[in-house]
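**Q** The structure under discussion is supplied below as structure tokens; questions concerning it will follow.
Read the figures in this text as sums done on the coordinates, not as results from a lab. If you're wondering where the values come from, they're calculated on a predicted model, not measured in any experiment. For neighbour counting, all protein chains shown are included, and Cβ atoms are generated from backbone atoms with ideal geometry for every residue, glycine included.
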Amino acid sequence: MTDTLYALAAHAAGDFPLQTNTMASQKFDDGSVRAKHVAVYTLAFVPVALASNFSRKQAVVYLGGIASTHFVIDSRRWNDTVPIWFDQALHLVALALVTAVVRFFGGDRRE
């Protein structure tokens, strides 16, 4: 449960206060700006990966999954057609799936 709260906090930090106005306004149209946003966003999850007791390989897969799913979701201009909650819901579902896959296929070291 604690890991989930850490991941939610990292998501909130990475997608809101750590995202600059430039990133927010240009990430949909400029892949390099989107990549910078995703890099900053993913860095917010490094403490989560360390606190989760993942092996090194699991942590790399976890952070890679977080980054790639966030990049794909932010590649769409969701905010033109749907409310922000839809975009955020997609991010949270992606976080849950990445975590589940890493734990299922990598084994949970806490077992």
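**Q** Taking 8 Å as the Cα distance limit and 6 or more residues as the minimum spacing, I'd like the relative contact order of the chain as a percentage.
**A** Relative contact order of the chain: 27 percent.
**Q** For the chain, with the dipole built from +1 on Lys and Arg beta-carbon atoms and -1 on Asp and Glu ones, taken about the Cα centre, which of Ala12, Ala35, Ile84 lies farthest toward the positive end?
**A** Ala35
**Q** Arranged by the count of other C-beta atoms within 10 angstrom, fewest first, what order do Ile66, Ile73 take?
**A** Ile73, Ile66
**Q** Something else about it: With charges set only on the Cβ (+1 for Lys and Arg, -1 for Asp and Glu), what does the dipole of region 2-106 come to about its Cα centre, in debye to the nearest 20?
**A** Dipole about the Cα centre, nearest 20: 320 debye.
**Q** Pop a pseudo-label 7 angstrom from the Cα along the beta-carbon direction at both Ala13 and Val46 and give the gap in nm to one decimal.
**A** Those two pseudo-labels are separated by 1.1 nm.
**Q** Using just the helices of the chain, give the 222 nm mean residue ellipticity in deg cm²/dmol: DSSP H runs with n ≥ 4 each add -39,500 (n - 2.57), and the total is spread over all residues, rounded to 500.
**A** My calculation for the chain gives -23500 deg cm²/dmol from helical runs alone.
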